[in-house]
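The values are calculated or read from the model by the stated rules, or taken from the named source; none is laboratory data. From a predicted model like this one, the values you see are computed outputs, not experimental measurements. Here Cβ is always computed from backbone atoms with ideal geometry, including for glycine, and neighbour counts include all displayed protein chains.
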Amino acid sequence: WKFGKRDGYGTLSFPDQEMGKPKKVYSGWWKDDKKSGYGIQFFGPKDYYEGEWCGNQRSGWGRMYYSNGDIYEGQWLNDKPHGEGMLRQRTGTATRVTGREA
């Protein structure tokens, strides 16, 4: 913490009523109370993103794991796939993605 705001490396967790223990939501770097730098965000039991953040948004290089088994690895901008990347589907198909919003 710095001046009452999250700053540096840390983990954000919330109570999980079903499991009776903390549920990890984000683990990584913070700057001025926003996700910034490298971190991992958990969206669900099998959906999570690991990669770069800027101002609470996925930005830079990152990898998104989806609950259906698909994985997108590549560039992000404004919290969306953007630029070059690769979508690997659980079926074994790999698709190269380029351009805006994969």
Could you please tell me which pairs satisfy a Cβ distance under 8 Å, a separation of 6+ or placement on different chains, a first residue in the stretch 56-80 that is in contact (Cβ under 8 Å) with a residue 24 or more places away in the chain, and a second residue that is not in a strand (DSSP E or B)?
Y72/Y66; Y72/A102; G74/A102
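Each row is one residue, and each column tells you yes or no for (1) under 24 Å from F3 (Cα atoms); (2) among the small types (G, A, S).
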site: K34; (1), (2): yes, no
site: E50; (1), (2): no, no
site: Y66; (1), (2): no, no
site: G69; (1), (2): no, yes
site: W76; (1), (2): no, no
site: G83; (1), (2): no, yes
Just the residues that are at pLDDT 95 or above and of a type in the set (S, T, N, Q), please, taken from the stretch 16-48.
S27, S36, Q41
